[in-house]
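What follows is a short report on a single structure.
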Amino acid sequence: MSKARRMGGIMRGLTSALALATVGVAGVTLWELQFAERFGREAPDWIPLGSVYGGKAHAVVKALETDPTADLEPAKALSWRQLKLSPANHYAWLRLAFIEVAQKGSLGSDGVRYLQRSYDVAPYDSLAWRMGMAFETWPSLPKDLQDAVLDDLRVNWLTGRRRLSYSSLPSKVRNPAGLAVLQAKIVDLRREEAERYRQRQLLKRVN
């Protein structure tokens, strides 16, 4: 498979995941939509339109599904407007990281910083698509961010929040280094899970 086709598959997967994640948090009230219509992208800073900006940015990014050459600069600008209103919005930080991957084909220093910010503000948000992007760009991540990703995976796996979606991640990750780490971690987690179950059964017998 050519590098172009491989990148196309990665982009389609990440775009679809981003679309689902963004739609899930892009709900806005009627008056916010009315303000968005009136002021558009130049809405005054005092209007709490973070979700509106996020929804508009999502619409721009979603265009990648049908047009690989879509201009993502408007989505980037809207994401920054969203972060100006809501600095702790980890979806916006993730969107910026995704845009860098989509534009450059890799995660550079800025993209790593954006992904790191998303973990800083929401370390255990169980976002399967964030996990997928992290392992897809694994060699670009510094050790502390890699540790944060693995910790996120472990916590959400053992609590059962995203075990099924995490189990399917290896079939979607194409980066060899990231895939190897992910597969090894899932093996370790299944062992840990089995050991925890064994210990619970022993406690039941004792009691």
*Restricting attention to the stretch 172-193, and to residues there that are of a type in the set (Gly, Ala, Ser) and over 17 Å from the mean Cα position of the chain (by Cα), which single residue is farthest from residue 106 (Cα to Cα)?*
184
_Subset of the stretch 26-60 that is of a type in the set (Val, Ile, Thr) and modelled with pLDDT under 65 - its residue that is nearest to residue 102 (Cα to Cα)_ = 28
*Please give the helices (runs of 4 or more DSSP H) falling wholly within the stretch 112-199 in which 3 or more residues are surrounded by fewer than 19 Cβ atoms within 10 Å (Cβ to Cβ) and at pLDDT 90 or above.*
143-158
*Working only within the stretch 96-111, note down all residues that are small (Gly, Ala, Ser) and either in the same structural domain as residue 142 (by TED's automatic domain parsing) or not in a helix (DSSP H, G or I) (or both).*
105, 106, 108
*asked:* Filter the stretch 61-80 down to the residues that are modelled with pLDDT of 90 or more and in contact with a helix residue (DSSP H, G or I) (Cβ under 7 Å, 6 or more places away or on another chain) and list them by number.
replied: 72, 74, 75, 76, 78, 79
*For residue 93, which of the numbered conditions (1) in contact with a Ser or Thr (Cβ under 7 Å, 6 or more places away or on another chain); (2) not charged (D, E, K, R); (3) not assigned by TED's automatic domain parsing to the domain that holds residue 72 fails to hold?*
(3)
_It is to be established whether one or more residues within the stretch 84-107 are more than 16 Å from the chain's Cα centre (by Cα) and buried (at least 19 other Cβ atoms within 10 Å of the Cβ)._
yes
*Any chance residue 91 is assigned to a helix (DSSP H, G or I) and either closer than 19 Å to residue 51 by Cβ or among the basic types (Lys, Arg) (or both)*: yes
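The values are calculated or read from the model by the stated rules, or taken from the named source; none is laboratory data. Model, not experiment: these values are computed from the prediction. Note: ideal-geometry Cβ built from the backbone for every residue, glycine included; neighbour counts use all protein chains shown.
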